[in-house]
Amino acid sequence: MQTALRVETTSPEETRILGAALAPMLLPGDLVSLSGDLGAGKTVFVQGLATALGVTDRVTSPTFTIVHEYAGRYPIVHIDIYRLETFQEVLDLGFEEFLDPKAIVMMEWGEAVEPLLPRAHLRVELRRTSDPDEVDRRVITFRPTGEDWIRKLGAMRETAEALLDAASPETSEGSRFEFVTRDGDATRKEGIG
Ligand code: ADP
Ligand code: MG
């Protein structure tokens, strides 16, 4: 069974920190598929990641233009396929060319084209909670496919714990992450290690 990692954020800044923590683990050819409703924080996550990779341009939603490219330590291709309705439209876009081995690809709504994605990729799911008192809370689940992504996620987690602790020391009791099964049930709360 593949192990997924789940963490909660309570502000856009914390979600940016998670993106920034993933950034050093990424190499050209890597693809990250982001899922979650409109406003879940997919673009915010990409903002943190891109900034950590040295992108100085403002990272904005590619919802209308579908593709944005940024120059950081590596090229970053940021795709949002929300407005595309069929597989064919995605293919017509030159989808395969976007899966550029020289770039890091961040794909919003990637789950819609899961069969077209490389077999090994990272899926990041962002969810709001239904509690009206927690409008800024997001539950973020990282689902790796393949050993390489499992290893990268382990490293991301350590970096994220340290960065989040530094940003909000008052909430830094134990691990913020928990392992979940493929179906999303929490298995156990893990300490560091
Ligand atoms: P998406 O790309 O998933 O449609 P965006 O990243 O564009 O969503 O927008 C997320 C919105 O939610 C932003 O306005 C952001 O400020 C807000 N927000 C509030 N709390 C959070 C959080 N914990 N993480 C990410 N975004 C948050
Ligand atoms: Mg978006």
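The values are calculated or read from the model by the stated rules, or taken from the named source; none is laboratory data. Predicted model, so just to flag it, every value in this text is computed and none were measured. All Cβ positions, even for glycine, are placed from backbone atoms using ideal geometry, and neighbour counts span all protein chains on display.
Against the conditions (1) at pLDDT 95 or above; (2) in a loop (DSSP other than H, G, I, E, B), Val124 satisfies every one except (2). Does Ile17 meet the test of being within 13 Å of ligand 1 (Cβ to nearest atom), of a type in the set (A, V, I, L, M) and farther than 17 Å from Arg123 by Cβ? Criteria met by Ile17. Please determine, by comparing only the residues of segment 47-74 that are in contact with a Leu (Cβ under 7 Å, 6 or more places away or on another chain) and aliphatic (A, V, I, L, M), which one is nearest to ligand 2 (Cβ to nearest atom). Taking the candidates together, the pick is Ile66.
Out of curiosity, is Ile76 among the β-branched types (Val, Ile, Thr), farther than 20 Å from Glu13 by Cβ and more than 16 Å from ligand 1 (Cβ to nearest atom)?
no
Looking only at segment 30-44, which residues are farther than 15 Å from Arg137 by Cβ, modelled with pLDDT of 95 or more and not basic (Lys, Arg)? So that I can check it myself, show each step before the final result.
Initially, segment 30-44 is screened for residues farther than 15 Å from Arg137 by Cβ, giving 30-35, 38, 42-43.
Now narrow it down to the ones that are modelled with pLDDT of 95 or more: 30-35, 42-43.
Passing the criteria: Asp30, Leu31, Val32, Ser33, Leu34, Ser35, Thr43.
Return yes or no: is Asp133 within 19 Å of Ala20 (Cβ to Cβ), in a helix (DSSP H, G or I), away from ligand 2 (no atom under 16 Å from the Cβ) and free of Cβ contacts under 8 Å to residues at least 12 places away in the same chain? Criteria not met by Asp133.
Applying the criterion of at least 1 residues that are touching an Asp or Glu at 6+ places or on another chain (Cβ under 9 Å), touching a residue at least 40 places away in the same chain (Cβ under 8 Å) and hydrophobic (A, V, I, L, M, F, W, C) to the strands (runs of 3 or more DSSP E) found wholly in segment 1-120 leaves 4-9, 31-35, 104-108. Residues in segment 101-111 that are surrounded by fewer than 18 Cβ atoms within 10 Å (Cβ to Cβ) and within 18 Å of the chain's Cα centre (by Cα): Glu111 only.
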